[in-house]
Amino acid sequence: MKINLAYKVPKMLLNKGTGFLNGYTHTLNPYTGCAFGCSYCYVRQMPVSLFRKEDWGSWVDVKQQASTVFAKEMQRARLKGKVTLFMSSSTDPYQPAEYKERITRSLLETMLQYPPDFVLVQTRSPLVTRDMDLLQQLGDRVRVSMTVETDLDDMRKHFTPSAPPIAARLRALEQLRDAGIPTQVAIAPVLPSSEQFAATLRPLVQRVCIDDYFMGDGSEGKRTRRLGMESLYQQVEMDHWYHPDAHQMVVERMKDYFADNEIWISQEGFEP
């Protein structure tokens, strides 16, 4: 799919953390729109997507001069107290446009000048490893949360065909681990996976967060139902995975390899 890029200078980048992300003072999105275009993305049901006359995943707005705007906002925010950032809530900060545009990298560079108390970098892209030099400098102020919804790449292709392959994400986690950067795996949302999933993850991370549509889409699964997700599970004869209790099977499998204090469920796993 051809991605239409538009370039805009934002008036602001920081938004107040609310709802699912109310544990953060702010959310931070380097882009508007996301080229990964995941089938289950809750942003598809938000105004930013609904009011756009283009399909979700086909357009991306690049926020030019973002670091300049962000620097001013951070200086003001730090004067008011603690600053915790979730990057990003409605886009992937390391989607393909970032290879050239480097907006996310510029924001991390600004964070070294005006450090937040904590920033969670939420992505599904191995490109995050490009910025390990900056992430190392942020130390324990940062955590990279890598989405790995399944260990089965055929499931990844079915639900998120434009997203990076699972093997590439696992290699990225290995690199982040070796660089000493705090990380977690976000099995979010839960997609059909194998019994070997936990064993695959165990050497790579000390922290696993498990979430699904019913806990994590902000509407107890209603947004997801409007997206017709159940039919995608039916197409691969995995209906039983589209159920509020399905995540418990993943939790139990993880317990064979991870301690209880290494397994986090839904919102608490994304908290600062």
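Quick rundown of the values:
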read-out: Gained length - MET238 relative to GLU174, 0.36 nm times residue gap less alpha-carbon distance; value: 20.1 nm
read-out: The chain: angle of helix 103-113 to the longest principal axis, Cα-based, in degrees nearest 10; value: 60 degrees
read-out: With Cα atoms, 0 to 90° folded angle of helix 66-80 axis to the chain main axis; value: 90 degrees
read-out: Förster radius 30 Å - calculated FRET efficiency between VAL48 and GLU109, Cβ distance, rounded to 0.05; value: 0.70
read-out: Non-local Lys pairs in the chain, i.e. 8 or more apart or on different chains, that have alpha carbons under 22 Å apart; value: 21
read-out: Computed [θ] at 222 nm, helices only, for the chain once each DSSP H run of length n ≥ 4 contributes -39500 (n - 2.57); value: -9000 deg cm²/dmol
read-out: Kirkwood Rh, angstrom, the chain [1 / mean 1/r, Cα pairs]; value: 18.9 Å
read-out: Cα centre as origin, Lys/Arg/Asp/Glu Cβ charges: the chain dipole, Debye; value: 1400 debye
read-out: Rounded accessible area per residue of the chain, 1.4 Å, Å²; value: 45 Å²
read-out: Antiparallel bridge percentage (DSSP; both residues within the chain; nearest 5); value: 15 percent
read-out: Region 1-108 - percent of accessible surface contributed by carbon and sulfur, probe 1.4 Å; value: 54 percent
read-out: Cα Rg over Rh - region 103-153, Kirkwood; value: 1.02
read-out: Region 6-76 shape via C-alpha gyration tensor axes, a/c threshold 1.5; value: oblate
read-out: Apportionment of accessible area to carbon and sulfur, region 154-272, percent (1.4 Å); value: 47 percent
read-out: Helix axis angle, 166-178 relative to the chain longest principal axis, alpha carbon, degrees; value: 60 degrees
read-out: Cα gyration tensor category, rounded, prolate or oblate, for region 82-185 with a/c compared to 1.5; value: prolate
read-out: Region 257-262 - phi-based ³J(HN,Hα) in whole Hz, Karplus 6.51/-1.76/1.60, Gly and Pro as x; value: 10, 10, 6, 4, 7, 9
read-out: Charge dipole (the chain, unit charges on Cβ, about Cα centre) - positive-most of THR32, GLN267, HIS247; value: THR32
read-out: Dimensionless Rg/Rh of region 138-240 - Kirkwood Rh, Rg from C-alpha atoms; value: 1.00
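The values are calculated or read from the model by the stated rules, or taken from the named source; none is laboratory data. Since the structure is predicted, the reported quantities are computational estimates derived from the model, not experimental observations. Positions of Cβ are backbone-derived with ideal geometry, glycine not excepted, and every protein chain shown enters the neighbour counts. SASA here: full protein model, heavy atoms, side chains in, ligands and nucleic acids out. Shrake-Rupley method; radii C 1.70, N 1.55, O 1.52, S 1.80 Å.
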